Each structure stands twice: as structure tokens, then as C-alpha cells.
Amino acid sequence: MNDRSSLIIRGIGAAPGIAIGRAFLLEHGHIPVPRYRLFGDQAVAEECKRFEEAVAEAEADLENIKKSIKSEFIEHTRLLEVQQMILRDPSIYDQSLRYIKEERTNAQLAVIKSLRKAKELFSSLSAEDYAKNRIADVNAAGDRVIRILAGQNHTDLEHIHQRAVIVAHDLSPADAIQLQAGRTLGIVTEIGGSVSHTSIVARSLGIPAVTGAENAARLISENDLLIVDGRTGMVIINPSERELQYYANLQDEIQTYLKQISRHAHLPAETSDGHRVGAEANIEVLEEIVAAKDNGAEAIGLYRTEYYFMNRVELPDEESLYRDYHDLAELMAPSQVTIRTLDLGADKLTSWCPNLEEPNPALGLRSIRLCLHYKEIFKTQLRAILRASAVACNIRLMLPLISGMGEIFEAKRILREVQTELTKKRIPFDKDMPFGAMIEVPSAVAVADMLAQEVDFFSIGTNDLIQYSIGIDRSNEHVAYLYEPLHPGVLRFIKQAVDAGHDAGIPVAVCGEMAGEPLYVPILLGLKIDSFSMNPVALPRVKNLIRRSSMKECCRFVEKVIRMRTASEIQQAVSKLVMRKFPEEFRVFDPNWVGNTSLPVMKKSGS
Ligand code: PEP
Ligand code: MG
């Protein structure tokens, strides 16, 4: 029996499931930077040598990473080449040596000072200037040298050679997309919420994750044994034998349950009383198509095209975008694929993305606004989508973050312009390609009746709709408690959008994370959603519940729920219903379930 006392830290359950494994610290948190002056020529010469060796080591690291990159991320190698160039750029390399020699400062401080100077220079450039958009790369290159000087030299996802639980202060969506599902057992981050894009990627890859676990990178040491409970948001550091046994059993139970229900994953999403809805997949990269098909997706309800633009030095050109959309259409044909135009900005950034330095990026020039501002980028993407639409006539075009009619008119005008150009050049495209809008902001709900006259379908992005209607940042762990999908205001907005769509005779989907949460199945069915689009891994669970629900019962339930006054009242009613009707689902996934296996008594609570 292991009698060491374990430590428990709590965060937000961001991707369900249990992971048990050794910790791999992606970053060692804040790197302490010592400041000292060098005395004597000998000390200066040694510090110069230390700096030169650190740069050489950083270059060699980048070279090794380049060699290990998989072919689908080959664009990433160019990003690393840029970082190699930055390391030798005179504004960093020569300037750091100058600081060491002339000001007799230690190497780390010298690097920090030259980085600061270089960044000031870049910031003063115009938004269109190439160098301005290299600030993220300057930071990454400098950070690598500083870590080496501090004796911490592994910070990359590519360095993970064993199966491990990744612990980091933060993971950007661009980092998350590089995670290797086979090697990443679980994820623990100090910041982030349950619908931040990093959590969405973790869920897509089926990796249990806990976000917003304050001080995790400080409290967890490399190689600590961890239990990550992605349902409750609990992380147990160096668990006792008893805790290990309990969670290993739970892991088995979850696996058995998932295996059992996945046998029915390819049956139609039809309720027990014959009401059929769509069960579709959200994907970020084409590699996810396999998982989508394996898990019974009937179509791709959301392709988040912005991920193709990440981890690249330059904007992808029309030809490479065309190839991507062509392959997607071909691989899914005759099933439908809904391609969403670029939804960049806020937390989804790329290294070439204009560095706008906005005080409130979630309310800033993101998504469709960014596309309508940088029209050439938008037109290039539209041309590629239109050309790919000719492959199997199975593409639907969808615009994100529509806030009103003006954006629809302007986007349609640009689309017509591109269509005319293609017609002139005799390039084929699907003239009847459906054109849809995402409903993600309250103003779109308010004018949904008018929007419905101009589009062929709606898809409700609940992640953003909740963020903007309650007025909280979806990635901010400090306000995560306010992120309430069952808030009566949110449910009313969904109902209003569905009714407006149906009155105009167009279908309405949900492609936000709500669609992939089994608990919300009775509500979304009762609100008359036509299709559910979710991360591929969630499909079997959601389909299983849809198939065992009665539409009549769900509609009656929603009539009652829509009159309730608080999210917690609604939550209680939904939990009661789901627990009564689907006890097996609850036993393995609901943290509050008290079933046959009693939870072990947790000894200690940290944080
Ligand atoms: C949403 O907001 O619900 C959505 C599906 O879009 P994203 O999560 O990519 O912002
Ligand atoms: Mg959104």
C-alpha cells in the first residue's frame, strides 16, 4: 500500500474521461531571469561563449524538431526556419553580445533587452508589414535561448517521446492541434475554460483535460504520477494505491460503456417515436475525417478552416486551400460538408495574423469582420471553396459571427464577384451551393427572421452565443462559473433562432459544444433542432441518447423548462430526467453520481 499523501488540485473539467500517467511539464512556468554584472574581461568572455553556445543549442534543437515533423505539418518546418533565422539576426545576436561586452550584463538579461528592442521596432511598423507579424516568432526564438541559459531546454510538444500527461501554463489552439493523441494521455493547464478552443481540440482528440487548474505547473513536478479527471476537473498528484485502484476501475468502466454503445453508432439518429435528426461532426483538420466516420458521422457539420492557417509562416495560397477543400469534399461524398469561412482572431491566432493589439480581442476585428476587412484573403478562400464545390456538389458555405444583415449583404456581394470571375474563366462551381449563417451573437438572434430570408440554413454556435449573451469570456477560468449553457436567456435565444428559421422554412443546426453534451440532448431535441454537430468522439454517446428519447416527451419537457427562472433549476430538472432515463450514461460520466462504487475518501485538498 502506498501511504504517501496525495495532493488534489481543482480546475475545470474540459474534456471528459480519466487519464492516469506521468507528468510532462511543457513549460516550467515563469523562467526566473537573474540579473548580475560581470566583473573582469575573463567573465565577459565566458558569458559571450555561454550565449553563443546557447544559440547553437537552440539552432540544433530546432533542426531536430524539423526532422521529426510529420508530413501533414510540413508547413510548420518553415516556421521553425524563421526562428532559426531570428536567432542569428544581428538585432538579436549581435545586439545581445554588445550588451554583454559593453554593459557587462549577464547573457539572459542581454537577450531580454535585445528582444525588447527588436519588438519595439516591429511594433512601430504598419499592420501590413511582414516583420510586424513576426513578433510571436521573435518571442518563441528568444524564449528558447533564455530557457537553455536557465538550464531548461525542453519545451516542445515534439520532445514528448513517452506517453504522458502534458502540464502547461497554457496551450494555444495552434499548440493543441499538434498534440499527438497516441502520446498525450491527458492535459492539465493553469488557464482556460471548458469551451476555449484548446479544450475543443482536446475533446476532438478524445484526450481527458482539466483547464484552469491554478498553479498546476508549480505544484506538479516532472514525472509525478497524475490522475486527471476530465469530468470533475480534479487532478490528483501522486495518488494513493486506493485512489489509483478506484480510477483504474472507472477507466475500465468508461471503456466498456463506450465500446458497448459504439456498436450502434452507425444507426440513424432517430428518436423512439420516429423523429429523425442529423448527427454530424465538427473537425479542425482533415485527419479527423477517419474518427468522424468511425464514430458514425453522417456529414461534416462544421469544418473550422482557420486551423489550416495556423502553424504557417505565410498565408496558404488558393491552390493549397483548393486541394484541402477538394479532398474534404471527395472523402465525404456524397455526404454533405459545411465549410465555415475563416474564423480567426480572439484566441485563434496565426503568426501572420495582423497583430492588432486590441484591448478586447473577443469583441474586436475577428471572424467575418476580419474577412470583410481583408477582402483579398476572403476572396481567395471563397474561390477555393467554390472550385471545390464542383467536385461532388456536397459543400455548404457557412459564415461565422454574423451580427446583422449588412454583413450578409456584403459577403454575398463578394461571393457574387468571385462567382462572376470564375464564370468568365470557365471554371466550374456548384451554382446551388447552400449559403448559411452562424447564429452566435444576440443581435443575430434578434434579426433571425430577416437573416432567414437571405440564407439557406442556420447553425447555432452556442459557444460564442453563450459568451456574448451572458457577457463573459469563454476562455477565462475566473468567470467559468458564469458560463451557463442552461441559462434561461440562452435557451430563449436558441428557441427564438430555431422558430425564426423554421418559420422561413430553413433547417437549424447546433454546432457549438452543447450539441456534443449528452445532458443537453432532451432540451435540444425539445427545442426542435434539426441537426447536432459535435466533436467526433461525442457522437456515439449523443446518438445513443437521441435513439432512446421520445420526441413527444422532450417537447413537453421543454415547455416546462422554458418557463423556469434559473440555470440551476433547469440543470436539476435535466439531470433528474437524464438520470432516470439513462442511468448507465450517468454512472460513468456524471461526477455527482453516487452509484455502487463509492468514491474514495480524498485525503487532502490543495489550491
Ligand atoms: C461556437 O461558437 O459555438 C462555434 C461552433 O464556433 P467556435 O467554437 O469555433 O468559435
Ligand atoms: Mg464561434
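Approximating the spin labels as points 7 Å out from Cα along Cα→Cβ, the SER320-to-ARG35 distance works out to 4.2 nm.
Under the rule a/c < 1.5 gives rounded, and otherwise a/b versus b/c splits prolate from oblate, where does segment 162-315 land using the Cα gyration tensor? Oblate, because a/c is 1.5 or more while a/b does not exceed b/c. If I fit a long axis through the Cα atoms of helix 488-503 and take the longest principal axis of the Cα atoms of the chain, what angle between them do I get, 0 to 90°, rounded to 10? With rounding to tens, the tilt is 60 degrees.
Simple rule: put +1 on each Lys or Arg Cβ and -1 on each Asp or Glu Cβ in the chain, find the dipole, and look at GLY40, ALA362, GLY233; the Cα lying farthest toward the positive end is GLY233.
The alpha carbon gyration tensor of the chain gives principal lengths a ≥ b ≥ c with a/c of 1.5 or higher and a/b no greater than b/c, which makes the shape oblate.
Straightening the chain between ARG22 and ASP499 buys 166.8 nm, computed as 0.36 nm per residue apart minus the Cα-Cα spacing. The length gained on full extension between LYS424 and ARG98, counted as 0.36 nm times the residue separation minus their Cα-Cα distance, comes to 111.5 nm. Between GLN255 and SER443, the FRET efficiency estimated from the beta carbon spacing at R0 = 45 angstrom works out to 0.50. Taking the Cα centroid of segment 393-440 and of segment 502-552, what is the distance between the two, rounded to the nearest whole Å? Centre-to-centre (Cα) distance: 26 Å. Computed about the Cα centre, the dipole magnitude for the chain is approximately 1080 debye when only Lys and Arg (+1) and Asp and Glu (-1) carry charge, each at its Cβ. Using a Förster distance of 41 angstrom, determine the FRET efficiency expected from the C-beta separation of ALA333 and GLU53, and round it to 0.05. After rounding to 0.05, the efficiency reads 0.15.
Spin-label pair HIS264-LYS576: with each label point 7 Å from Cα along the Cα-Cβ axis, the two points sit 2.5 nm from one another. Would you work out if segment 305-433 is rounded, prolate or oblate? Take a ≥ b ≥ c from the square roots of the eigenvalues of the alpha-carbon gyration tensor; rounded if a/c is under 1.5, else prolate when a/b is larger than b/c, oblate otherwise. Prolate shape, in that a/c is at least 1.5 and a/b is the bigger ratio. Here segment 450-485 is scanned for amide nitrogen atoms under 15 Å from the site 7 Å beyond the Cα of ARG416 along Cα-to-Cβ, giving 454-455.
With the simple model of a label 7 Å out from the Cα in the direction of the Cβ, LEU482 to ARG218 spans 2.5 nm. Within the set LYS67/LYS117; LYS495/LYS581; LYS259/LYS581; LYS348/LYS412; LYS67/LYS425, which residue pairs have Cα atoms separated by over 30 Å? Too far apart for the 30 Å limit: LYS67/LYS117; LYS67/LYS425.
Within a straight-line Cα-Cα reach of under 14 Å, LYS543 can be paired with the following aspartates and glutamates, leaving aside sequence neighbours fewer than 8 residues apart in one chain: GLU270, GLU280, ASP294, GLU298, GLU517, ASP530, GLU585.
Residues in the chain average 42 Å² of solvent-accessible surface per residue, probe 1.4 Å, ligands and nucleic acids excluded. Just the protein heavy atoms count here, and of the accessible area of the chain at 1.4 Å, carbon and sulfur take up 51 percent. Relative to the longest principal axis of the Cα atoms of the chain, helix 241-262 runs at roughly 50 degrees. Using only Cα atoms, find the angle between the long axis of helix 135-149 and the longest principal axis of the chain, and express it within 0 to 90 degrees, rounded to the nearest 10. Computed tilt is about 50 degrees.
The values are calculated or read from the model by the stated rules, or taken from the named source; none is laboratory data. The structure presented is a predicted model; accordingly, all values stated were derived computationally and were not measured. Virtual Cβ from ideal backbone geometry, glycine too; neighbours counted across all protein chains shown. Just so you know, the surface numbers come from the protein's heavy atoms only, side chains and all, with ligands and any DNA or RNA stripped out. Shrake-Rupley method; radii C 1.70, N 1.55, O 1.52, S 1.80 Å.
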